[in-house]
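The values are calculated or read from the model by the stated rules, or taken from the named source; none is laboratory data. Computed from a predicted model, the values in this text were never measured in an experiment. Reconstructed Cβ throughout: ideal geometry from the backbone, glycine too, with neighbour counts over all protein chains shown. Calculation scope for accessible area: heavy atoms of the full protein, side chains included, ligands and nucleic acids excluded. Shrake-Rupley method; radii C 1.70, N 1.55, O 1.52, S 1.80 Å.
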Amino acid sequence: MIKINLLDYRKVKRIMQLQKELGLYVMLIFLALGAISFFWQMQSERIKQVNNEITHWNVELKKINKTVKKVDEAKAMKKRIKHVLRSIEILKTQQTEPAKLLDDININLPSDVWLSRFEETSSTVTLVGYSFSNPAIAVFMKNLEKLSGHFSSIELIETRQVKLSGEKVRQFSIKSTRRPKGFLPEAKKS
């Protein structure tokens, strides 16, 4: 007996082969998607961690900036205090100077000369007084020249005869440049 197989087994075999390959491809796609998803999740966690660190360090930076600002303010205050202390030292050294100046003028004042006015500006001194004679005024000016530590360029501005308490006297005005013993710088505004 002759048997005839009417089924085409090659076609079925080929369909089964295609189904196996398709299953394999689908499985590879799912594995690739799983791996991508896994790495995506890991990177997402790492990004969150880095963002948290950035936030933490920004907070720390703000704290440090506050401290730096306080340090800068303290430095400025220290500089201001040094300036004030320096000014105080200068004032202490100069506080006896006016009394010494007037004492030196008084010591060098001839007996027949007296002062009625003493004006001092930052760089000039004006002395106004009276005398019984012109030579006494000249002696007084020579005595002032001996005080070279206090004065320079002493000059007679005016001399005239006036009546004072019924007596004829000579009124004089002397102007001189003041020699500074120290200087007091202007205070800085802060």
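Does E45 satisfy the condition of being more than 27 Å from the chain's Cα centre (by Cα), open to solvent by less than 100 Å² (accessible area, probe 1.4 Å) and without any contact (Cβ under 8 Å) to a residue 24 or more places away in the chain? Even if it seems obvious, please write down each step before you answer.
Values: more than 27 Å from the chain's Cα centre (by Cα): yes; open to solvent by less than 100 Å² (accessible area, probe 1.4 Å): yes; without any contact (Cβ under 8 Å) to a residue 24 or more places away in the chain: yes.
Yes, satisfied.
Condition test on L144, is it closer than 15 Å to L101 by Cα, of a type in the set (A, V, I, L, M, F, W, C) and more than 42 Å from the chain's Cα centre (by Cα)? Talk me through it step by step, then tell me what you get.
Values: closer than 15 Å to L101 by Cα: yes; of a type in the set (A, V, I, L, M, F, W, C): yes; more than 42 Å from the chain's Cα centre (by Cα): yes.
Taking the combined requirement at face value, the residue satisfies it.
Does at least one position in the range 71-87 carry a residue that is hydroxyl-bearing (S, T, Y), closer than 30 Å to L156 by Cβ and open to solvent by less than 80 Å² (accessible area, probe 1.4 Å)?
no
Quick one: would you say G129 is within 21 Å of L101 (Cβ to Cβ) and in a loop (DSSP other than H, G, I, E, B)?
Numbers: within 21 Å of L101 (Cβ to Cβ): yes; in a loop (DSSP other than H, G, I, E, B): no.
When the stated conditions are applied, G129 does not pass them.
I'm trying to understand the selection: among the residues of the range 96-123, which are assigned to a loop (DSSP other than H, G, I, E, B) and under 20 Å from T177 (Cα atoms)? Lay out the reasoning, then the answer.
Within the range 96-123, the first condition is being assigned to a loop (DSSP other than H, G, I, E, B), and the residues that meet it are 96, 108-112, 121-123.
Within the range 96-123, T96, N108, L109, T121, S122, S123 qualify.
So V71 ticks every box in (1) over 30 Å from L147 (Cα atoms); (2) over 33 Å from the mean Cα position of the chain (by Cα); (3) among the aliphatic types (A, V, I, L, M) but one. Which box is left unticked?
That leaves (2) as the condition not met.
Which residues, counting only those in the range 141-162, are among the hydrophobic types (A, V, I, L, M, F, W, C), at pLDDT below 85 and not in a strand (DSSP E or B)?
If the condition is that a residue be among the hydrophobic types (A, V, I, L, M, F, W, C), at pLDDT below 85 and not in a strand (DSSP E or B), then L144, L147 are the ones that fit.
Just need a number here: residues in the range 101-134 that are free of Cβ contacts under 8 Å to residues at least 24 places away in the same chain and surrounded by 12 or more Cβ atoms within 10 Å (Cβ to Cβ).
Adding up the residues that qualify gives 4.
Only one residue in K92, K13, K82 is within 43 Å of the chain's Cα centre (by Cα), assigned to a helix (DSSP H, G or I), farther than 30 Å from K146 by Cβ and free of Cβ contacts under 8 Å to residues at least 24 places away in the same chain. Which one? If you could, list the steps in order and put the result at the bottom.
Working: K92 fails: farther than 30 Å from K146 by Cβ; K13 fails: within 43 Å of the chain's Cα centre (by Cα).
None of the other options fit; the residue is K82.
Scan the range 163-187 for residues that are farther than 19 Å from D104 by Cβ and either at pLDDT 90 or above or surrounded by fewer than 10 Cβ atoms within 10 Å (Cβ to Cβ) (or both) and jot them down. Spell out how you get there, then give the answer.
The initial filter retains those residues of the range 163-187 that are farther than 19 Å from D104 by Cβ, namely 163-171, 173, 183-187.
Scanning the range 163-187 gives K163, S165, G166, E167, K168, V169, R170, Q171, S173, F183, P185, E186.
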